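Here is the structure we will look at.
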Amino acid sequence: MPRFVSARDNRYINHVNNELIEKVIETPILFYALSADETKEDMYGEATTKIFKSPVKLNGIINNDEPSTNYDASNSGKEEVQILTVAFLRSMMKEKNIYPQESDIIKWNFGFYEIDHVIENQMIAGKVYYNHSIVCTCHLTSMTAITEGVNF
């Protein structure tokens, strides 16, 4: 990357990437943010049920691992495991006033994925003020349905 990048260069890079994600790749996902105000915690700070806000449709870049199956004779028998990585353009998330956090849910390809890690250290030309993307690492969760304001 060049050493000197102007604000104009940053706007151009964001514009090209936004157009690529929104008009070329077009991989839609539904983003469910955890409602911290409505989710009740017990005395240990844990929630047995989670309540989510209304879903927001977003486009992102998806990288999914092949699903695998874990067998556990002592528990439920078998469990399907799949890791999903979703990259969002930071400026697009800022426009929609969304910031992904751990425990939020992403619905993609008929599956629900819970966010485990949020990484946002991809910077243009290494400049902190040109933070470019937000990358979420998720795992497949066992939810079969999600509705606004409904516990599960």
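The values are calculated or read from the model by the stated rules, or taken from the named source; none is laboratory data. What you are looking at is a predicted structure, and each value in this text was computed from that prediction instead of being measured. Note: ideal-geometry Cβ built from the backbone for every residue, glycine included; neighbour counts use all protein chains shown.
What to note about this one:
- Of all the criteria given as (1) more than 30 Å from Val128 (Cβ to Cβ); (2) modelled with pLDDT of 85 or more, the one not satisfied by Ser74 is (2).
- Taken together, the criteria exclude Ile105 from residues that are out of contact with any Phe, Trp or Tyr (no Cβ under 6 Å at 6 or more places or on another chain) and at pLDDT 85 or above.
- Of all residues making up region 18-31, the number that are farther than 18 Å from Asn64 by Cβ and surrounded by 12 or more Cβ atoms within 10 Å (Cβ to Cβ): 3
- Residue count for region 11-34 under the criterion of being in contact (Cβ under 8 Å) with a residue 24 or more places away in the chain and either over 19 Å from the mean Cα position of the chain (by Cα) or farther than 19 Å from His139 by Cα (or both): the result is 8.
- The listed residues are Glu148, Glu120, Glu80, and the only one of them that is surrounded by 11 or more Cβ atoms within 10 Å (Cβ to Cβ), modelled with pLDDT under 80 and assigned to a strand (DSSP E or B) turns out to be Glu80.
For (1) under 13 Å from Ser103 (Cα atoms); (2) in a strand (DSSP E or B); (3) modelled with pLDDT of 85 or more; (4) aliphatic (A, V, I, L, M), each residue gets a yes or a no:
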site: Ile29; (1), (2), (3), (4): no, yes, yes, yes
site: Thr39; (1), (2), (3), (4): yes, no, no, no
site: Asp42; (1), (2), (3), (4): no, no, no, no
site: Gly45; (1), (2), (3), (4): no, no, no, no
site: Lys50; (1), (2), (3), (4): yes, no, no, no
site: Asn63; (1), (2), (3), (4): no, yes, yes, no
site: Glu66; (1), (2), (3), (4): no, no, no, no
